[in-house]
Structure formats: C-alpha cells, structure tokens
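The values are calculated or read from the model by the stated rules, or taken from the named source; none is laboratory data. Quick caveat: nothing in here was measured; it's all calculated off a predicted structure. Cβ atoms come from the backbone with ideal geometry, glycine included; neighbour counts cover every protein chain shown. Areas reflect the complete protein model, heavy atoms only, side chains present, ligands, DNA and RNA absent. Shrake-Rupley method; radii C 1.70, N 1.55, O 1.52, S 1.80 Å.
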Amino acid sequence: MLEFQSVSYQYSSEDFDIIDRLSFRVSPGSFHCIIGISGCGKSTIFRMTNGLLRQKAGEILVGGERIQGRKNYCGYMPQKDLLFPWRTVGGNVTLPLEIRGGLSKKELRKQGETALADVGLAGCFDKMPDELSGGMRQRAAFARTMLTGSDLLLLDEPFSALDFLTRISMQEWLLDQWQRHNKTILFITHDVEEALFLSSSVLVVEKTPIHELKEIPVPAAFPRDRSCLKTPEMVELKEHLIDLLRKQVTP
C-alpha cells in the first residue's frame, strides 16, 4: 500500500537530512503505529506521503504508483480536528466530496449523514462544531477523512489532546472502524501503550536522522480488548519500547 524507496528530506533551516535514505513498506489492510521522541521526524514522513512536502531524493509509492501528480490517494488527519467553526458539522464532513465535485446538495447530505451515523454522530449534520465534545469532534474529523475515499489513512496523534477516558474510548472505537472498513492505517503517537493496543506492529524511530524504522510485531491477536495489555509479553514489550525511546533523550 505504501513504500518509501531511499527517501531523503532536508528542512531549509537544518544542515542535515532529517530523513536519510529511508526505505520501508506497509502492507494493505495493516495498522502500524510510529513512535519516537518529539522532533525526530515522524510527522515529516506523513507530510511527504500526503504531498505537503516534496522529498529531496528517492521515491514514494502508494498502491505501486508514484504519488507525484495524483489526488485522493491518502487521507490525512492531524492532531487537531481542524473543523471550520463557520461551517456545520455536515458541511465540514462533506468537504472532500465538495472538492471532488459532481454531487448535488441532496447527495452530499445523504453521504454526509451516512458517514456521521457510521461514527456514532447520527443527527449531528446540522450542528455547529462548538456544540460537540472533543471526542465527538475527533470522530467528525475521522468521518471527513474517510470521505476522501482513500484506502490509506495517516493519523497524526489524533487523540493526544483528549482526556484519559475519552482517549481510551476513541482507541477502542478506532480499532472497530479499522476492522469494519479494512483501511490501511499509519498512526503517530508518543504513547507506547496506545501504540501497543492499536497496532499489529510498531515502527520505532531509534535515532535522527531517520534512516530506518525498526518494526516490532505486537504479540496480541485481533480483535483485542485492553486486557491484552496486562499479559507478560505485552508488559515486557512496553518496557522494551520505553527503553528504546529513553536512549534517544540527551541527559
């Protein structure tokens, strides 16, 4: 579904490539979490994948094709929900369809209402964003991402601003959405436990510049619940991942 072939990127303010000849592959239908310390370059990988940044060297392929010149090949959900406050919830959710064009207002509303119902927000089409809770806004943002029609979804710390209980609920909800819709998800997080609960394998940034992502399989089958986090294998892996991240922090 996604392949990086010796990809490099350098910010103009830096004198080195933060992404240095990075190669990795992501299989269709998989769920991977990327973890690493702040500022290590995780989000840069996403911004190159979605075309917000152009790589300095190498190739990025989605579905076996180069991303240059393509549209709607991936959906992107940043840390903040970024719902436009002057548009209704339905108007925000159907924005990808409006941009694509070709649908009547009646058809837009029908697809928007269906998408909102699918994420547990039936009846919210005509509400304004400030009428929703934080978790509800994130679900609306996810519905908007789903309406891009893309099989590859890039989720950049989407739950980091939520309170603890809402965050747990959203993690469980996201796993259900992934299994029902068979999307390919890459999910950036700083939370090791979140990464273990969500992903089939964790991609670890061990150092900057990023030359490789260390893939570590998660020893828990799907479907899963939070009890899997208490098994000896998962507890041991959690401590191992925390140790890997600690080594990146300069004393």
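Among (1) of a type in the set (A, V, I, L, M); (2) closer than 22 Å to SER133 by Cα; (3) open to solvent by 40 Å² or more (accessible area, probe 1.4 Å), there is one condition ALA221 misses while meeting the rest; what is its number? With respect to (1) of a type in the set (A, V, I, L, M); (2) closer than 22 Å to SER133 by Cα; (3) open to solvent by 40 Å² or more (accessible area, probe 1.4 Å), ALA221 is out only on (2). When the test is whether a residue is assigned to a loop (DSSP other than H, G, I, E, B), open to solvent by less than 90 Å² (accessible area, probe 1.4 Å) and aliphatic (A, V, I, L, M), LEU83 passes it. Give LEU174, LEU165 a once-over and let me know the one that is outside any loop (DSSP other than H, G, I, E, B), more than 23 Å from PRO96 (Cβ to Cβ) and out of contact with any Phe, Trp or Tyr (no Cβ under 6 Å at 6 or more places or on another chain). Of the residues listed, the single one that is outside any loop (DSSP other than H, G, I, E, B), more than 23 Å from PRO96 (Cβ to Cβ) and out of contact with any Phe, Trp or Tyr (no Cβ under 6 Å at 6 or more places or on another chain) is LEU165. Residue pairs whose Cβ atoms lie under 8 Å apart, sitting 6 or more positions apart in sequence or on different chains, and linking a residue in region 59-78 that is assigned to a loop (DSSP other than H, G, I, E, B) to a partner that is small (Gly, Ala, Ser) and exposed (fewer than 12 other Cβ atoms within 10 Å of the Cβ), are ASN72/GLY149. Filter region 47-78 for residues that are of a type in the set (A, V, I, L, M) and open to solvent by 40 Å² or more (accessible area, probe 1.4 Å); which is farthest from GLY101 (Cα to Cα)? Restricting to residues being of a type in the set (A, V, I, L, M) and open to solvent by 40 Å² or more (accessible area, probe 1.4 Å), the top hit is ALA57.
Checking the structure you have, find out if any residue of region 195-202 is in a helix (DSSP H, G or I), farther than 30 Å from ASP15 by Cβ and open to solvent by 60 Å² or more (accessible area, probe 1.4 Å). No, there is no match, as no residue in region 195-202 is in a helix (DSSP H, G or I), farther than 30 Å from ASP15 by Cβ and open to solvent by 60 Å² or more (accessible area, probe 1.4 Å). Take the residues in region 205-251 that are among the hydrophobic types (A, V, I, L, M, F, W, C) and assigned to a strand (DSSP E or B), then tell me which one is modelled with the lowest pLDDT. It comes out as ILE210. Confirm whether GLY120 is at pLDDT 90 or above and either buried (at least 18 other Cβ atoms within 10 Å of the Cβ) or not in a helix (DSSP H, G or I) (or both). Answer is no for this residue. Checked against the criterion of being at positive phi and either touching a Phe, Trp or Tyr at 6+ places or on another chain (Cβ under 9 Å) or open to solvent by 10 Å² or more (accessible area, probe 1.4 Å) (or both), the candidates GLY149, GLY90 yield just one match: GLY149. Would region 133-148 turn up any residue that is assigned to a loop (DSSP other than H, G, I, E, B), closer than 30 Å to ARG70 by Cβ and modelled with pLDDT under 90? Yes - at least one qualifying residue is present in region 133-148. On inspection, SER30 fails the criterion of being of a type in the set (Gly, Ala, Ser) and crowded, with 18+ Cβ neighbours inside 10 Å.
Results for (1) at pLDDT 95 or above; (2) closer than 25 Å to VAL192 by Cβ, shown as yes or no for each residue.
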| site | (1), (2) |
| --- | --- |
| ASP15 | no, no |
| ILE18 | no, yes |
| SER23 | yes, yes |
| HIS32 | yes, yes |
| ILE37 | no, yes |
| CYS40 | no, yes |
| SER43 | no, yes |
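Considering region 93-111, the residues that are closer than 30 Å to ILE45 by Cα and touching a residue at least 24 places away in the same chain (Cβ under 8 Å) include one that is most open to solvent (accessible area, probe 1.4 Å), namely ARG100.
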